[in-house]
Amino acid sequence: MLKRIYASLRGPTLVYLLASGLARLGAIVLIPLYTHRLSPAAYGDYALAQTIVSLLPTVLSLGLLSAIPRAYFSGATREEGTRAAGNVAAWTVTLVALHALVALAGISHFARPGSGGITSQWELSCVVVAAAGSALTTIPAVCLRSSQRSIAAAAWQLAEFGTVTGAGLVFVGLLGRGVRGAIEALATAYLVCGIVAVGFVFIGLRGRLHGDVLRRALRFGIPFVPHLIANWAQLASDRWLLKFFGYEADLGRYVLAMQLASVVSLAVAAFHDAESARIGEMFRRDGMPKLRAELRSIQRRYLVATALPSVAVLLALPLTPIFLGPHFRSTTTLVPIMLLLSIVDTAYFPSSNVVYFAGRTKVIPVITVAGAITNLLANLLLVPSLGVFGGLLARGMGYGVRSGALWVIAQQCVREVAPASTTADEAS
């Protein structure tokens, strides 16, 4: 068993786990500062702003972020793949910039000025800037991971971590601008990273704007838009409904508990970054028969990537009240429940890789929408009476529908291809 664990973490995967996880840990590192400077209600508003920042990159790019790795792995060689990915990335930058400008113009015309929470003109503008910068910041990470340049990918993600954390320390810690400063910090950090990413696309990758590239990329990427929006709704609907039904103070504590438990999802996401690149090379070299042969091994690797950080979080949980503000110390009781839900959620990822490379991507948004609808309906039924515990139950139901349905489709995909050994015998 120990050898299997080591095999799951060796090579560039460990670099991705450390660097990619650290890049996403900016918000967690800032928890002690934010929980001392913000009230639970203000912390909840900041969390709602983060949900918008996480959604908009998909909308602004029309799903092209999902088409970049596919373009890379569709090339016959790494050089062809890099050139194809660079051209898709160039269109991604263009669409994100144009759509962000349209959104900012709409905000300046329709949103109310002044300080009025996350729906005021300035805060919404900062959210759009942060989202556009976040979309652009994703491009170098995706390209470097796809090409398995682990050290370069790690360096980029460490720079992202430093920028996000530094901005939060300045705007909230040094300037004391409260929840408005927390949102301004997101905008500033991702604007800086986004500008550097544009240089990476047009200078490093030499991306060019070709009409046929855009048409092919949109055909592949647009089906991911409803999938990613539904995925976002599954993750964010409970937060917005808790606020809508008057649980503002509980919302801040609920979100904080999610962030403490998110160490597991961060580790799984970082592992997924490396594992997807490894599976992509396997697919390029040996096709779907190899994925069929390796499916059980892939699933075990994801299970290990979930179990190890879950145990670490449980062991560290008694120490967390030392670092939290006095109004947030009761949040740790929710964390074990969220860790159990993360196991159900992780089952989605190995199946998604199989379905992705099998070319069955049209089914992914259907399944994700089904999971999101389940989550939303359960939230509407349970949150008004059960509050945060209703949100947890609804989240688990949505995860179960999404992971279970995609597992069934993944099994169909691997049954439709001949085993690797059979393919090899036929070739000989």
message: buried (at least 20 other Cβ atoms within 10 Å of the Cβ), hydrophobic (A, V, I, L, M, F, W, C) and at pLDDT below 80: is that true of L291 in this structure?
response: yes
query: Do we find that L56 is surrounded by fewer than 23 Cβ atoms within 10 Å (Cβ to Cβ), within 29 Å of G166 (Cβ to Cβ) and without any contact (Cβ under 8 Å) to a residue 24 or more places away in the chain in this structure?
result: no
statement: Checking G176, G166, G207 in turn, the sole residue that is assigned to a helix (DSSP H, G or I) and either crowded, with 24+ Cβ neighbours inside 10 Å or assigned by TED's automatic domain parsing to the domain that holds V102 (or both) turns out to be G166
message: It is to be established whether one or more residues within segment 290-301 are farther than 26 Å from G400 by Cα, charged (D, E, K, R) and in contact with a Pro (Cβ under 9 Å, 6 or more places away or on another chain).
response: no
task: Quick one: in segment 35-50, of everything that is assigned to a helix (DSSP H, G or I) and surrounded by fewer than 19 Cβ atoms within 10 Å (Cβ to Cβ), which residue is modelled with the lowest pLDDT?
output: A41
message: Just to be sure I understand, how many residues within segment 127-163 are in a helix (DSSP H, G or I), closer than 27 Å to E79 by Cβ and among the hydroxyl-bearing types (S, T, Y)?
response: 4
message: Pull out all pairs, ordered by first then second residue, where Cβ-Cβ is under 7 Å, the residues are six or more apart or on different chains, the first lies in segment 292-303 and is more than 11 Å from E275 (Cβ to Cβ), and the second is among the small types (G, A, S).
response: R292/A420; A293/A420
message: Based on this model, can you work out whether A236 counts as closer than 16 Å to T58 by Cα, of a type outside the set (F, W, Y), modelled with pLDDT of 85 or more and assigned by TED's automatic domain parsing to the domain that holds V369?
response: yes
message: Tell me the residue from I343, I364 that is assigned to a helix (DSSP H, G or I), surrounded by fewer than 21 Cβ atoms within 10 Å (Cβ to Cβ), hydrophobic (A, V, I, L, M, F, W, C) and touching a residue at least 24 places away in the same chain (Cβ under 8 Å), please.
response: I343
query: What number of residues within segment 76-111 are surrounded by 12 or more Cβ atoms within 10 Å (Cβ to Cβ), under 25 Å from D212 (Cα atoms) and not hydrophobic (A, V, I, L, M, F, W, C)?
result: 10
task: Determine the pairs where a residue that is farther than 21 Å from Y356 by Cβ, located within segment 205-224, has a partner that is among the aromatic types (F, W, Y) and loosely packed, with under 12 Cβ neighbours inside 10 Å with Cβ atoms under 6 Å apart, the partner being 6 or more residues away or on another chain.
output: none
query: What about V355, is it in contact with a Cys (Cβ under 8 Å, 6 or more places away or on another chain) and either in the same structural domain as V414 (by TED's automatic domain parsing) or surrounded by 18 or more Cβ atoms within 10 Å (Cβ to Cβ) (or both)?
result: yes
field: Among residues of segment 121-147, those that are farther than 29 Å from R206 by Cβ and among the aliphatic types (A, V, I, L, M), counted
entry: 2
message: Just the residues that are closer than 14 Å to I139 by Cβ, among the hydrophobic types (A, V, I, L, M, F, W, C) and in contact with a Gly (Cβ under 7 Å, 6 or more places away or on another chain), please, taken from segment 174-217.
response: C193, V201, L205
- request: Restrict the check to segment 239-256 and report whether at least one residue is surrounded by fewer than 23 Cβ atoms within 10 Å (Cβ to Cβ), of a type in the set (D, E) and modelled with pLDDT of 85 or more.
  value: yes
task: Could you check how many residues of segment 54-87 are assigned to a helix (DSSP H, G or I), of a type outside the set (D, E, K, R) and farther than 23 Å from P223 by Cβ?
output: 1
- prompt: Conditions: (1) over 30 Å from D250 (Cα atoms); (2) modelled with pLDDT of 90 or more. N375 meets all but one. Number of the miss?
  reply: (1)
query: Counting only residues that are among the small types (G, A, S) and touching a residue at least 60 places away in the same chain (Cβ under 8 Å), how many does segment 59-79 have?
result: 5
message: It is to be established whether one or more residues within segment 103-122 are assigned to a helix (DSSP H, G or I) and closer than 20 Å to W240 by Cα.
response: yes
Cβ pairs under 6 Å, 6+ apart, first in segment 86-114 and under 30 Å from R70 (Cα atoms) and outside the structural domain of S125 (by TED's automatic domain parsing), second part of a helix (DSSP H, G or I) and among the aliphatic types (A, V, I, L, M): none
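The values are calculated or read from the model by the stated rules, or taken from the named source; none is laboratory data. Please read all numbers here as calculations on a predicted model, not as lab measurements. Positions of Cβ are backbone-derived with ideal geometry, glycine not excepted, and every protein chain shown enters the neighbour counts.
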